[in-house]
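Colleague: First, the structure itself, so that you have it in front of you.
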Amino acid sequence: MKPQQYDFKQAAYQRAAHNDFQNVFDFPDFIEMRPVIRAAVHEVATAAFDQPELPVKVERLALTIEEQLERETRKYERQGGVYFNQQSELANLMRLYTSILQAISKRPVIDQEIEDIIYAVNQTRLSLGKLPKLDGTGKLYSADHDRELTSGTFYYLVAQHLVRPYMVDPQGELVPSNVNHEGKKLMIKMTTYAFRDWDAYLTHQYDEQHNIKNTRGLTREEYYDRLEECELKYADHVYADVLGDLFKETQSLLVPTYLSRLDIMSTDLTPVLNKKPLLRIRFDHLVDKHFLVDDQGYEHVMDKPLKDIKQKYQFYRTHFE
C-alpha cells in the first residue's frame, strides 16, 4: 500500500469538469505507475515480431514505442485538437493505448494500484478520442525530428535563464540569431535532457561497464582508462537530479497558490511569472542555486562530478598497480 494513496478517479473527474486533457504522463504518481506501463509496452513490442527475437531488439522497439507514446500524447494535448492529416496517426496512437490496456489487464493480480493505472491510461485514451477537429494541417510524428522545447514551459524557462551569458544582445529575444555557438550547444543539451529517458540512459552505462569488466586481455591501465572514459561519458546523469529537485521546488513555489497544477512539459508559466515579477526573481534564484550559477551567469553542475571521477581513477592507478 502506497503512503498517501492518490485518488486518480477523483482527480480525473475534477479535471473533466474543467475540460482538461487528462495525460497519464502528468499524473502525480506516474513515477510509481511507470514500471507497470513499461512492462505492458515491452509486451506490445514482443508481440510486434512474427517470431521470437533477440532481447536487445525487443528492448529497442519498446523504448521507441514508449518515447513515441509520450511525445505524440503531449503533441495532441498541446494542440488541443487533431488536424485532418493527423487522423490516421491519432487512430494508431489510440490503438496503441488499447493494446497497453489489454496487456495491463492480463496481469495475474489486479489490485487497487493496477486498477488506478488502468483508469489513468484509459482516461488518456478517451481524452485523445474526444479531441475536436482543427482546420489546416499539422505535424506528423517523426522519431528523427528535432525536438523542441515549448515556449514558456519549465524546461524552456530554465534553458532561457542559463543561456543568457551566451546571447549576442542580452536585451534581445531568445532566437538562434541572437545566441552564439556555445549558447546553441547549451540549448541542444537542455532539450536533450528534457526528452531523455534517464532510466534507459543509466542502463546503457551499466551495460558498457559490464562489457569493459568482462573484456579479456586488458592491462590494468587500459582497464581503468576505459572505466574512466565510460563514467565521464555518462557523468551528466547528475542533471536528472538537478532538474528533478528544481522542478519540485518550482512546484512548491507555484502550486496551489498560483497554479492548480504544473505539468513539466506543457504548462506555460509566463503569464503568472509576468504578472508576479517577484515570482520570476524567485524562480531565477532557484535555477541559480540548483545549477550552481556563478556571478557571470555560467552554470557549474559538472565541475565537481568530473573532478571526482578523475581523482578516483588517478587514485586507482596510483595505489592498485
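Throughout, read-outs are computed from the coordinates displayed, never taken from laboratory work. Predicted model, so just to flag it, every value in this text is computed and none were measured. No Cβ is skipped: glycine too gets one built from the backbone with ideal geometry, and neighbour counts run over all protein chains shown.
Colleague: Could you give the size of the charge dipole of the stretch 87-186 about its Cα centre, using +1 on the Cβ of each K and R and -1 on the Cβ of each D and E, expressed in debye and rounded to the nearest 20?
Modeller: Numbers: 11 positive and 12 negative charges, 51 e Å.
It works out to roughly 240 debye.
Colleague: Here is a further query. Which lysines, on any chain, are close to Lys106 with Cα under 30 Å apart, when same-chain ones fewer than 8 places away are left out?
Modeller: Answer for Lys106, where 30 Å is the Cα cut-off: Lys2, Lys9, Lys57, Lys75, Lys130, listed by chain and number.
Colleague: Continuing with this model, one more query. Using the 10 angstrom Cβ neighbour count as an exposure proxy, how do Phe25, Phe320 rank, fewest first?
Modeller: Phe320, Phe25
Colleague: Note the listed values (1) 35, 24, 18; (2) 35, 27, 20; (3) 35, 30, 20, then indicate which one is semi-axes √(5λ) of the Cα gyration tensor in Å calculated from this particular structure.
Modeller: (3)
Colleague: Could you list Thr270, Thr191, Thr73 in order of exposure, starting from the residue whose Cβ has the fewest other Cβ atoms within 10 Å?
Modeller: Numbers: Thr270 13, Thr191 17, Thr73 22.
By the 10 Å Cβ count, ascending, the order reads Thr270, Thr191, Thr73.
Colleague: Fewest first, what order do Tyr97, Tyr234, Tyr156 take by the number of other Cβ atoms within 10 Å? Don't skip to the answer; put the middle values down first.
Modeller: On the way: Tyr97 19, Tyr234 16, Tyr156 22.
So the residues, fewest neighbours to most, are Tyr234, Tyr97, Tyr156.
Colleague: Check each of the GluC sites (Glu not before Pro) in the stretch 139-246 and keep only those in coil by DSSP with at most 12 other C-beta atoms within 10 angstrom; list them in order. Mind showing how you got there, number by number?
Modeller: Numbers: sites: Glu148, Glu173, Glu182, Glu208, Glu221, Glu222, Glu228, Glu229, Glu231; in loops: Glu148, Glu173.
Passing both the DSSP loop test and the Cβ count: Glu148, Glu173.
Colleague: What ³J(HN,Hα) values, in whole Hz, does the Karplus curve 6.51 cos²θ - 1.76 cosθ + 1.60 give for the stretch 241-253 when θ = phi - 60°, with x put for Gly and Pro?
Modeller: Per residue, the Karplus-derived 3J(HN,Hα) values read 5, 4, 5, x, 5, 5, 5, 4, 5, 5, 4, 4, 5 Hz.
Colleague: Give the lysines reachable from Lys304 as a straight Cα distance under 24 Å; neighbours fewer than 8 places away on the same chain don't count.
Modeller: The reachable lysines, counting only those whose Cα sits under 24 Å from Lys304, are Lys184, Lys185, Lys189, Lys233, Lys248, Lys289, Lys312.
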